[in-house]
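One structure below.
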Amino acid sequence: MKGGLVGYERNCLRPFLRARNAVLGDEAGGSPRLLVRVDEFPHFRAWDEPERFGTDGFRRFHEIMRTAGVPYLIATLPRVARNPLDPSETSERQLDSSERAMIDELRRDGVAFGLHGWSHRTRRIEPRRRSELAGIEGAALEQLLDRADGAMTELGIGTPVFVPPFNRFDASQYPALARRYEVVCGGPETVSLLGFRRTPIALSSSVFLPAYAPLYGRASDVLPAVQHLIALRAAVWVPIVLHWGWEMESGWSALERLAAELARYATGWDSFLAAVRGSAAGADMVGP
């Protein structure tokens, strides 16, 4: 990937477009169906830096997306950890009143939700190996997910989509995740664990939906990639991942420009989940 020999356009987009052209001919082209995922709320650093990563910062992000009319999925944490990058720390808290009120607002505004683990605390201190799930097997993994799903239910949120913290989980854990969730997301970090996969792809009993650069990144990098997809008339499902904390640090202007473009092509996650439920097991999802 770093050398450019493997990447989203070469190994995902182009094969999908060839398949569509082979079947549909002149009718293969059209508008891309962009699936926007946002990481995460509450922010995993909300306890340690509430003035930067608290609810007020996220509300600004949501207002930009809502005003532009961009549907998206928010990866949601049931608990907030203190110092989540320290595996030896154990303190965590429930969502506070402002975070719960924000989730209620998101629900009213039609935002989709994905389970983002439990508290986003890493079990491994090395930056390139951070993961909340790695090393947890069998009944222990099921218990963690039961607890997280239960907490989301208490918040009034269903959890058909799983977004792994740090985009990392063990390959041996995928079958358990696939049995519980209709869609399992991933990112660049997933490649070293599950290999480079076309996205989206039916894998086991679920659909695996990793996102790759340049569609996983800052709005300033995602925008030209989206414009390229539009020019190609790439009428396929395209996962995009944004981090609202990155956009806040960039001053929001790039996000505002991106949101104006996304508003024309972003697709609600309910439509994607309907396609997942209707798709044939084992088939790449190149679209109707």
Counting just the residues of region 109-120 that are surrounded by fewer than 24 Cβ atoms within 10 Å (Cβ to Cβ) and not aliphatic (A, V, I, L, M), which one comes out farthest from residue 178 (Cα to Cα)? 109
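Condition first: under 22 Å from residue 276 (Cα atoms) and touching a helix residue (DSSP H, G or I) at 6+ places or on another chain (Cβ under 8 Å). Can you find one or more residues in region 136-149 that meet it?
Within region 136-149, the first condition is being under 22 Å from residue 276 (Cα atoms), and the residues that meet it are 145, 149.
From the residues that got through so far, the ones that are touching a helix residue (DSSP H, G or I) at 6+ places or on another chain (Cβ under 8 Å) too are 145, 149.
Yes, region 136-149 contains at least one residue that is under 22 Å from residue 276 (Cα atoms) and touching a helix residue (DSSP H, G or I) at 6+ places or on another chain (Cβ under 8 Å).
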Residue count, region 42-52 (criterion: in contact (Cβ under 8 Å) with a residue 60 or more places away in the chain and either surrounded by fewer than 22 Cβ atoms within 10 Å (Cβ to Cβ) or within 12 Å of residue 242 (Cα to Cα) (or both)): 2
Any residue at all in region 60-74 that's of a type outside the set (Val, Ile, Thr), out of contact with any strand residue (DSSP E or B) (no Cβ under 9 Å at 6 or more places or on another chain) and surrounded by fewer than 17 Cβ atoms within 10 Å (Cβ to Cβ)? yes
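For residue 235, state whether it is of a type in the set (A, V, I, L, M, F, W, C) and part of a loop (DSSP other than H, G, I, E, B).
Values: of a type in the set (A, V, I, L, M, F, W, C): yes; part of a loop (DSSP other than H, G, I, E, B): yes.
Yes: the conditions hold for residue 235.
Residue by residue, here is whether (1) in contact with a Lys or Arg (Cβ under 9 Å, 6 or more places away or on another chain); (2) within 28 Å of residue 167 (Cβ to Cβ) holds:
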residue	(1), (2)
1	no, yes
6	no, yes
9	no, yes
16	yes, yes
22	no, no
25	no, no
28	yes, no
36	no, yes
39	no, yes
Please enumerate the residues belonging to region 134-150 that are closer than 12 Å to residue 176 by Cα and buried (at least 18 other Cβ atoms within 10 Å of the Cβ). 136, 141, 145
Among the candidates 13, 34, 17, residue that is touching a helix residue (DSSP H, G or I) at 6+ places or on another chain (Cβ under 8 Å), in a strand (DSSP E or B), within 22 Å of residue 202 (Cα to Cα) and among the aliphatic types (A, V, I, L, M): 34
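Residue-by-condition table, conditions (1) over 13 Å from the mean Cα position of the chain (by Cα); (2) within 12 Å of residue 75 (Cβ to Cβ); (3) among the β-branched types (Val, Ile, Thr):
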{"residue": "150", "(1), (2), (3)": "yes, no, no"}
{"residue": "157", "(1), (2), (3)": "yes, yes, yes"}
{"residue": "163", "(1), (2), (3)": "no, yes, yes"}
{"residue": "172", "(1), (2), (3)": "yes, no, no"}
{"residue": "175", "(1), (2), (3)": "yes, no, no"}
{"residue": "182", "(1), (2), (3)": "yes, no, no"}
{"residue": "187", "(1), (2), (3)": "no, yes, no"}
{"residue": "192", "(1), (2), (3)": "yes, no, no"}
{"residue": "196", "(1), (2), (3)": "yes, no, no"}
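Residue-wise test of (1) assigned to a helix (DSSP H, G or I); (2) not aromatic (Phe, Trp, Tyr).
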site: 133; (1), (2): no, yes
site: 142; (1), (2): yes, yes
site: 146; (1), (2): yes, yes
site: 150; (1), (2): yes, yes
site: 153; (1), (2): yes, yes
site: 156; (1), (2): no, yes
site: 159; (1), (2): no, yes
site: 166; (1), (2): yes, no
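Residues in region 252-259: is at least one under 19 Å from residue 33 (Cβ atoms) and in contact with a strand residue (DSSP E or B) (Cβ under 6 Å, 6 or more places away or on another chain)? Quick ask: steps written out before the conclusion?
Taking region 252-259 as the starting set, the residues that turn out to be under 19 Å from residue 33 (Cβ atoms) are 258-259.
Narrowing the set further to residues that are in contact with a strand residue (DSSP E or B) (Cβ under 6 Å, 6 or more places away or on another chain) leaves none.
Checking region 252-259: not a single residue is under 19 Å from residue 33 (Cβ atoms) and in contact with a strand residue (DSSP E or B) (Cβ under 6 Å, 6 or more places away or on another chain).
Out of the residues in region 107-135 that are small (Gly, Ala, Ser) and in contact with a strand residue (DSSP E or B) (Cβ under 9 Å, 6 or more places away or on another chain), state the one that is nearest to residue 274 (Cα to Cα). Walk me through how you get there before you give the answer.
The first filter runs over region 107-135 and keeps only residues small (Gly, Ala, Ser), leaving 110, 112, 114, 117, 119, 131, 134-135.
When the remaining residues are screened for being in contact with a strand residue (DSSP E or B) (Cβ under 9 Å, 6 or more places away or on another chain), the result is 112, 114, 117, 119.
Details: 112: 13, 114: 16, 117: 24, 119: 29 Å.
This residue is 112.
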Of the residues 211, 225, 234, 260, only one is farther than 26 Å from residue 10 by Cβ and either in contact with a helix residue (DSSP H, G or I) (Cβ under 9 Å, 6 or more places away or on another chain) or of a type in the set (S, T, N, Q) (or both); which? 260
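Can you say whether residue 222 is assigned to a strand (DSSP E or B), touching a Pro at 6+ places or on another chain (Cβ under 8 Å), crowded, with 19+ Cβ neighbours inside 10 Å and modelled with pLDDT of 95 or more, as far as the supplied structure shows? Even if it seems obvious, please write down each step before you answer.
Working: assigned to a strand (DSSP E or B): no; touching a Pro at 6+ places or on another chain (Cβ under 8 Å): yes; crowded, with 19+ Cβ neighbours inside 10 Å: yes; modelled with pLDDT of 95 or more: yes.
No: the conditions fail for residue 222.
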Can you pull out every residue in region 225-250 that is buried (at least 23 other Cβ atoms within 10 Å of the Cβ) and under 14 Å from the mean Cα position of the chain (by Cα)? 238, 239, 240, 241, 242, 244
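The values are calculated or read from the model by the stated rules, or taken from the named source; none is laboratory data. Just so we're clear, the structure is a prediction, and the values are computed from it rather than from any experiment. Virtual Cβ from ideal backbone geometry, glycine too; neighbours counted across all protein chains shown.
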